[in-house]
Amino acid sequence: PEESLVILFCGRLSREKNLFHLLDAYHQLDHEHKSLLFIGDGDLRHSLQDYADQLGADSVYFCGFQNRNQILKYYAISDFFVLPSLRETWGIVVNEAMCSGLPVIVSDQVGAGVDLVINGRNGYKVATDGDDLFRSIKQIADLPEAERHLMGMRSFNIVKEWSNRNLAESL
């Protein structure tokens with residue numbers, strides 16, 4: 001629905017992405033109009049769909065793999081992005097989300113979080129277990145739309161500056 005708060009995950013639906021933890025955190029969120037989009041496919045798709053059904057989370061959408069021409073519309077309709085991985089060397093989807101002007105929540109195991117996420121400024125870095133993920137989702141969800149937008153613009157500016165740096169000079 002148009003008035004929904006839209007939370008986005010984009011990537012392979014596999015164990016190392018920690019997606020059952022994301023579903024649990026999302027389910028705890030007491031927000032009248034909310035949606036969680038899973039963009040991507042993988043071995044866990046059916047298990048995740050079954051788990052969402054068990055939770056009674058009818059506002060969870062599995063949109064499958066989307067090519068480069070289609071994926072931008074999902075970033076455009078989203079309010080923020082979550083990557084709760086148990087391990088992730090970098091996570092280029094974090095760059096994509098930030099280029100789309102989204103606040104981001106990443107686990108402390110996502111390499112991009114070290115360089116691109118400033119807690120409370122453009123998103124949050126969270127532990128891979130416990131309540132950190134839920135608390136961070138709630139913090140962003142509870143922000144007025146204008147503040148969430150400002151957080152997203154900070155993401156855009158951070159990734160823009162990071163992309164413009166002179167790597168050769170720094171090395």
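The values are calculated or read from the model by the stated rules, or taken from the named source; none is laboratory data. Since the model is a prediction, treat every value here as computed from it, not as a measurement. Note that we place each Cβ from the backbone using ideal geometry, even for glycine, and neighbour counts take in every protein chain shown. Just so you know, the surface numbers come from the protein's heavy atoms only, side chains and all, with ligands and any DNA or RNA stripped out. Shrake-Rupley method; radii C 1.70, N 1.55, O 1.52, S 1.80 Å.
Between Ser136, Ser85, Ser163, the distinction of being among the hydroxyl-bearing types (Ser, Thr, Tyr) and modelled with pLDDT under 95 belongs to Ser163 only. Can you find, within segment 1-33, the residue that is farthest from Leu72 (Cα to Cα) among those that are part of a strand (DSSP E or B) and touching a Ser or Thr at 6+ places or on another chain (Cβ under 6 Å)? Within segment 1-33, the match that is farthest from Leu72 (Cα to Cα) is Val6. Among residues of segment 11-26 being open to solvent by 10 Å² or more (accessible area, probe 1.4 Å) and not basic (Lys, Arg), the one that is nearest to the chain's Cα centre (by Cα) is Gly11.
For segment 68-78, the condition holds for no residue, the condition being that it is in a loop (DSSP other than H, G, I, E, B) and of a type outside the set (Ser, Thr, Tyr).
How many residues, within segment 57-67, are modelled with pLDDT of 95 or more, open to solvent by less than 60 Å² (accessible area, probe 1.4 Å) and part of a loop (DSSP other than H, G, I, E, B)? Residues in segment 57-67 being modelled with pLDDT of 95 or more, open to solvent by less than 60 Å² (accessible area, probe 1.4 Å) and part of a loop (DSSP other than H, G, I, E, B): 2 in total.
Can you tell me how many residues within segment 110-123 are assigned to a strand (DSSP E or B) and open to solvent by 40 Å² or more (accessible area, probe 1.4 Å)?
1
For segment 101-109, the criterion of being out of contact with any Ser or Thr (no Cβ under 9 Å at 6 or more places or on another chain), open to solvent by 10 Å² or more (accessible area, probe 1.4 Å) and in contact (Cβ under 8 Å) with a residue 24 or more places away in the chain is met by none of the residues.
Tell me, which residue of segment 124-140 that is outside any helix (DSSP H, G or I) and in contact with a strand residue (DSSP E or B) (Cβ under 8 Å, 6 or more places away or on another chain) is surrounded by the most Cβ atoms within 10 Å (Cβ to Cβ)?
Step by step, filter segment 124-140, then rank; the result is Val126.
Only residues that are open to solvent by less than 10 Å² (accessible area, probe 1.4 Å), outside any helix (DSSP H, G or I) and touching a Phe, Trp or Tyr at 6+ places or on another chain (Cβ under 7 Å) were counted in segment 84-100, giving 0.
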